[in-house]
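Report on one structure; see the data block that follows.
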Amino acid sequence: MRLLPVLIAIGVLAVLVAGVMERGSSEARAQVDPRVEAARSAKRLIIGIDLSRSNPLISDAGFANKVAQRIGAMVSELGFASEVHVRTLGSYDITANSFYYDAVISARQRPEAVAAEVTRLIAGTPVLVQRGVWTAQQKTNILAFLDNAVYSFGCEGLDTDIVLATDGIEDSEYARLSRAGATLPEPSSTLFAQCASLQILGLGQGQVSPTKTIELRQAWSDWAKAAGFASFTGLNDW
C-alpha cells in the first residue's frame, strides 16, 4: 500500500479511531484455510466513494455501514496478489478528491485485514464529511471518474471489477440524470472492453422513486454494455 499524504492520513485515522466502530463480519475476521486462499485468483478491485451531496452515503450512517459491509465482503474474498484501490469522486477537481488508498493482498496484508480497513473507511464516510476531513461536493462526475480509473489502473492482466458507492445520478457536463428523460452519452470507445464488471451500490437512493431507479438502471446498463464491460449490476438496496 502506498503511503497516504500525511495530513490526510492523520485526519482519517483520528476520525476513525474516535468515531467509527469496527463492524467487520465474523467471516472477515475468521482465519481462512490456506488451501482455500491459495485457490483464489488474483483480481483488481477499484472502489469509488461518491461524496456528492445527492448521495445519502455521506449523511446516513446506517446506509453507509450497509454499503461498507457489502464491499468489505468483496475484499475479504480476494486472493493473494489482488489489488485494491479506493478513491473518492464528485467534483472534477483533484484538490477535492485527493484521497487514495492502495493495497496489494499478501501474507503481510491479508484479505481480512484489508477488508476491515476498507469497511471502516466506507462506514465512516458520514463522520469524515461531518468533521470536514472530506468535503461534500456539488457535482457528480461518475463518467470522468471511470475514465480516470481505467487510464490509471487499466483492466489488463487481472480480472477487474469497478464498484461505485453512489446514487448513480451523473451531474456533469456529460449529463444531468436528475432530469426526466435524461440519458448518458455514448462511450467514445470501448475503453472498458477488458473490464470484468461495473457495480453501482445505492442506485437511485434518496430519490424516493422506484421509476427513477429503473430509469437510472437502464441508463447505466446500456452505457456499461456499450463501453465494453462484461457485466453490470445496479442495486438500489439489498
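Just so it is clear, none of the values below were taken in a lab; they were calculated from the coordinates. None of the values given here were measured: they were computed from a predicted structure. All Cβ positions, even for glycine, are placed from backbone atoms using ideal geometry, and neighbour counts span all protein chains on display.
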Vicinal HN-Hα couplings computed from phi for region 154-168 (Karplus, 6.51 cos²θ - 1.76 cosθ + 1.60; Hz; Gly/Pro x)
x, 10, 7, x, 10, 4, 10, 10, 10, 10, 10, 8, 8, 7, x
Treat every Asp and Glu Cβ in region 32-235 as -1 and every Lys and Arg Cβ as +1, leave all other atoms uncharged, and give the resulting dipole magnitude about the Cα centre to the nearest 20 debye.
380
Order by protection proxy (mean Cβ within 10 Å, highest first), peptides 186-196, 139-149
139-149, 186-196
For the pair Tyr174 and Ser98, how long in nm is the line joining their label points, each one 7 Å along Cα→Cβ?
2.5
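Which FRET efficiency, nearest 0.05, do Ser152 and Ala226 yield, Cβ-Cβ r, R0 30 Å? Numbers along the way, then the final one.
On the way: r = 22 Å, r/R0 = 0.72.
Plugging the Cβ-Cβ distance into 1/(1 + (r/R0)^6) gives 0.90.
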What are the GluC sites (Glu not before Pro) within region 132-238 that DSSP puts in a loop, where the Cβ has at most 14 other Cβ atoms within 10 Å?
Glu156, Glu173
Give the separation of the Cα centroids, region 44-87 to region 180-233, in Å.
18
Which whole-number percent gives the relative contact order of region 32-235, counting Cα pairs below 8 Å spaced six or more residues apart?
22
For region 44-87, what does the relative contact order come out to in percent, with C-alpha contacts under 8 Å and a separation of six or more?
66
Which of Gln205, Leu78, Phe232, positive extreme of dipole for region 32-235 (C-beta unit charges)
Gln205
Amide H within-cut-off set for Asp159, under 5 Å, with H built and near neighbours excluded
Arg44
